[in-house]
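Beneath this line is the structure, given in structure tokens, with notes to follow.
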Amino acid sequence: MKVTSERLRTVGIVRPVLTDDRNPGVPLDLDVIRGLRVNRSAVERRAATIPTRRTVKKEWQAAWLLRAITCMDLTTLQGDDTPGNVLRLCAKARRPLRPDLVDALGVGHLDIKVGAVCVYHALVPTAVAALEGSGIPVAAVSTGFPAGLSPFAQRLEEVQASVAAGAQEIDIVITRAHALTGDWPALYAEVRAFRDACGRAHMKAILGTGDLATLTNVARASMVAMMAGADFIKTSTGKESVNAVLPVGVVMVRMIREYEMRTGSAIGFKPAGGIRTAKQALDWLILMKEELGDRWLRRALFRLGASSLLTDIERQLEHFVTGRYAAAHRHPMV
Amino acid sequence: MATVAKLFETMEYGPAPESDAPALEWLRQHDNGRFGHFVNGRWVQPTEGQYFETINPATKAVLARVAQGSKADVAAAVAAANAAAPAWAALPGHARARYLYALAREVQRHSRLLAVLESLDNGKPIRETRDLDIPLVARHFYHHAGWAQLRDTEFPGYVPIGVVGQIIPWNFPLLMVAWKVAPALAAGNTVIMKPAEFTPLTALCFAEIAQAAGLPPGVFNVVTGDGATGTVLVEHPDVQKIAFTGSTEVGRIIRKATAGSGKKLTLELGGKSPFIVFDDADLDSVVEGVVDAIWFNQGQVCCAGSRLLVQEGVADRLTQKLRARMEKLRVGSPLDKAVDMGAIVAPVQLERIRGLVEKGVEEGAKMWQPSWACPTEGYFYPPTLFTEVSPAATIAQVEIFGPVLVSMTFRTPQEAVELANNTPYGLAASVWSENINLALDVAPKLKAGVVWINSTNLFDAASGFGGYRESGFGREGGREGMYEYLKSDWEKGLGPGASGVTRAVPVANASAPQAPGPKPQALPPIDRTYKLFIGGKQARPDQGYSRKIVGPDGRVLGEVAEGNRKDVRNAVEAAHAATGWGRGSGHMRAQILYFVAENLATRAEEFAARVGREEVAASIARLFTYAAWADKWDGAVHHTPIRGVTLAMNEPVGVLGIATPDDFPLLGFVSLVAPAIAVGNTTIVIPSEPSPLAATEFYTVLETSDVPDGVINVITGAKDPLAKVLADHDDVDGIWYFGTAAGVKAVELASAANMKRTWAFARSRDWLDPRQGEGREFLRHASEVKNIWIPYGE
């Protein structure tokens, strides 16, 4: 991507012009980290008006929901996952919409499919095989997901193993203790090491924001992860008591904007956990469009981590097509 | 359906219109869009048969025709309100509470109709009417249903004022109805409402709601019309109070029109409110704050944060962020649920905005607007940012009342405060900093009735709203707002403007020990010169004239200095130099007031010879009263719906001119000066004109009592001319006048120049009666309530 001279001049920082779509990272700059300011009440007010200031209706809503599907990391991360349910998930990933709806919407040529399928390491081979030829990447949660507290060497090995098994995207979890204790160099070193282990696989850094206690910690952890080379920053594992919520999203996307302004690198964002309704998906898309811009409405820079969301989107699209309210059991299950 | 695929690529926002059909149908059902006045619970046609059109500023379509209120129409409404007043005031609080509760519920039941109607008539986005205006309207009636319920127990000794005329602006038409009507009715007054000419429809819809709620006829009346109708209402002799929200220009006219009439007055006027950003603020949140400050309601907000003051080091970054954000703002059909800004209310307002923006460019400021274009069919104006603005620029000084932000930089917190206060206005301010020490240090230094920390444009019924300086006086909302619609019950018997019957000065000054004249001693008395008391020093009068003070028996008791305008000027400067008094602790002020009382007591016999023992004893007691109050005049923490606190702080008004009553030379002086200085004001005092010698002696008591220089300045001479000089003085913040009806009128007229708060009273008061002569009434007049909103949370 291009970094304009205007942008560099205004922030007084000179960085090399980047050409790759990966985030090369930058050295840890603790002055930047400590200088970050987040006012929680003001952020919450902004978050509260994201869904009330903007809305999309009718054809626009249908188009946006289709977009949401293409940005979806269709996910199963359960202890009882088996090849059986993962295969089912992958089939759905290839054909997320009923063909009659695709036809009615006139979007057959768009080849609507999900952004990725996200599974545990053990199910990576199953998913890779099931998705072969579809162009849908497999994402693996890694590094001792969800707590991220297994031995460091094992966490690195896990990343390498998942990459070797064919995962093109790795969702790593950070050690929340580093953020909670303000040990930013340790967090930077950890994420940097994971990034190196990922090799060509894109890395999403899960911050576990529900564990980070304050929005200031969320901002700082976001910035450290990006400086350390994360290609995406992701809110949650889905296992914390509070998962993807808009105030956290506001803070994280603002950090992405800040990082881009400082470095020229565009980092992706992935809210995950608790996103179950089409309305929520639209709110997240609106947040991206408003705070970051249209580039962040595409799968290269935006993913929705979700399991049951797809079914609700299907129901809303059916309602758009037929004018009648839809039932979940009339759509193939995930 | 083909477009879905295209939209999938463009990912643009589409139209999201709210239907106007139900609102248009409501208009049609009312005589095909023709409205009379609402008087005595009925719809009546205007006596002169005149109507005017109200339009939708987004489309220029005519929405309805509305009655033009004539003198007879206003008279009929006032008569109805007058007739309804006694029964309404006599209702138990619980009964009035039930009516207000019903109004709140009715508003909620018809919330969408009101929201759409408001958006159509005003041009503001449906999102704002739906999410802000109408919910706040309901909230206001709920809150004041509570005050109706509690009036008798929470405001003992108070009664309603009577018939209230209320004149409201077009920027928040129904919200202003609520802000005015809810406290007035809760307190037990009856109302004649004159909505703005541009936006009468929701007030008319509300009249129907009042009807449905079963409000007794005459309690709430609506007379529509233009400024001429408002003038008739203001001048009607049976209206006991005027509450006005609007421009400072019109507020000034109303202040003059009501001068000397005995009408109570609250004015909520214009502003040029500062939005202060320190370099440790959360700048991304600041940007959203600016959006809510100046691009809310198209910038047509009296308390809009229209002057952005940014610490120099972050100014460029903030400007860059603001411009990026402005590119994303959406201006369009107000009924579209996804627009940020709707239409400007009327062509005249649009022209004003355009003219001022042109002026800004001419004067050399740098203007920036986003790249997109506004709709062309209605009255729209894009969000506009000026940088490189000097404080001297027109656009930095005058209220634009449009979506135009002017930005300036500062270097230090002190400079930020100076820039913020460099305006005749004082309505609101925002302070953005993540440093609580800094934010809470700056907030009290700002001349503004409302200060929002890390937030902006927060309103709630539980918090008082209103201005300092030329932004008007009085508060709306909260306990402080209720007092604006109440008066002391002992005032009840007195008609408005009743001429003062003053008592004879009780004791001949003849026995004053220092008075010149023949004495039994062999030696002649030592001559005594009474000077002015300015800045802690006894000062000779500028012109070197003295006036003779003659006792009841015709004997000359002494000569006092003849103060003139230059002496007043000097005293005002001394009072300003002493404003540190207000920043000291209440405990410190209490100690000094006790010390004054102590020193007066040691000279009690001498003062008793002048004014009698009773008055001296009462004066000593009164000094104790305000010494007692000095560290107890607490503010409040209001229960507003934020995670945070809203502090209602009692601040001194500032520099107060006080013309004391003639008939209580010592007690009148003490009863007014003591509460003024207990709260922290500094004062210029004009003693009793016929009997000033108690006051001139009293300053020697002050000299021995550690009262800091300049806190109390005493100017003897001709009371009314001196009071007029004080009332005219632009650097005097308030004036209290106790004297003749003519003097009251002169003071109130002159005060309009800088809209200084006045407390002018021509009726006799029994200063010996503590109910009339001391207490919270005095402290309230000595204070401005500043509401500081402090959201918190990490």
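Some points to look at:
- Summarising the amide proton neighbourhood of B:Asn787: residues at separation of 5 or more, or on other chains, whose placed amide H is nearer than 5 Å comprise B:Val450, B:Val451, B:Met649.
- Anisotropy class of segment A:28-330 from Cα gyration tensor, a/c 1.5 cut: oblate
- Cross-linked pairs B:Lys632/B:Lys786; B:Lys194/B:Lys328; B:Lys447/B:Lys632; B:Lys256/B:Lys366; B:Lys447/B:Lys531: Cα-Cα separations exceed 28 Å for B:Lys194/B:Lys328; B:Lys256/B:Lys366; B:Lys447/B:Lys531.
- Contact order relative to length of chain B, as percent, for alpha carbon pairs under 8 angstrom and 6 or more apart: 12
- Within the same chain, lysines fewer than 8 places from A:Lys239 are excluded, and of the rest, those with a Cα less than 30 Å from its Cα are A:Lys92, A:Lys113, A:Lys204, A:Lys270, A:Lys279, A:Lys289.
- Crossing angle, helix B:347-362 versus chain B [Cα axis fit, 0-90 degrees, rounded to tens]: 80
- log10 of Debye I(q)/I(0), alpha-carbon scatterers only, for the protein assembly as shown at 0.07, 0.09, 0.10 Å⁻¹: -0.74, -1.07, -1.22
- Cα-derived Rg over Rh, computed across segment B:21-266 with Rh taken as Kirkwood radius: 0.95
- Acute angle (nearest 10 degrees) that the helix B:693-703 long axis makes with the longest principal axis of chain B, alpha-carbon atoms: 80
- Long-range amide H partners of B:Trp759 with built H, under 5 Å: B:Ile735, B:Trp736, B:Tyr737
- Taking each DSSP H run with n ≥ 4 as -39500 (n - 2.57) and averaging over every residue of the protein assembly as shown yields -13000 deg cm²/dmol at 222 nm.
- Gyration tensor (alpha-carbon) shape descriptor, segment A:157-303, a/c threshold 1.5: rounded
- Nearby lysines by direct alpha-carbon distance to B:Lys487 (threshold 16 angstrom, same-chain neighbours under 8 apart not counted): B:Lys241, B:Lys263, B:Lys264
- Hz values of 3J(HN,Hα) by residue in segment B:554-568 - Karplus curve (6.51, -1.76, 1.60), Gly and Pro given as x: x, 7, 6, 8, x, 10, 10, 5, 8, x, 10, 5, 5, 5, 4
- Between 0 and 90 degrees, the angle of helix B:312-328 with respect to the longest Cα principal axis of chain B falls at about 40 degrees.
- The value given for segment B:521-783 is a Kirkwood hydrodynamic radius of 18.5 Å, derived from the mean inverse Cα-Cα separation.
- Rg over Rh [alpha-carbon atoms, Kirkwood Rh] for chain B: 1.01
- Volume in Å³ per residue [convex hull over Cα atoms, computed for segment B:92-181]: 91
Taken together, the values in this text are just the output of simple stated rules run on the coordinates, not laboratory data. Keep in mind that this is a model prediction, so the values were computed, not measured.
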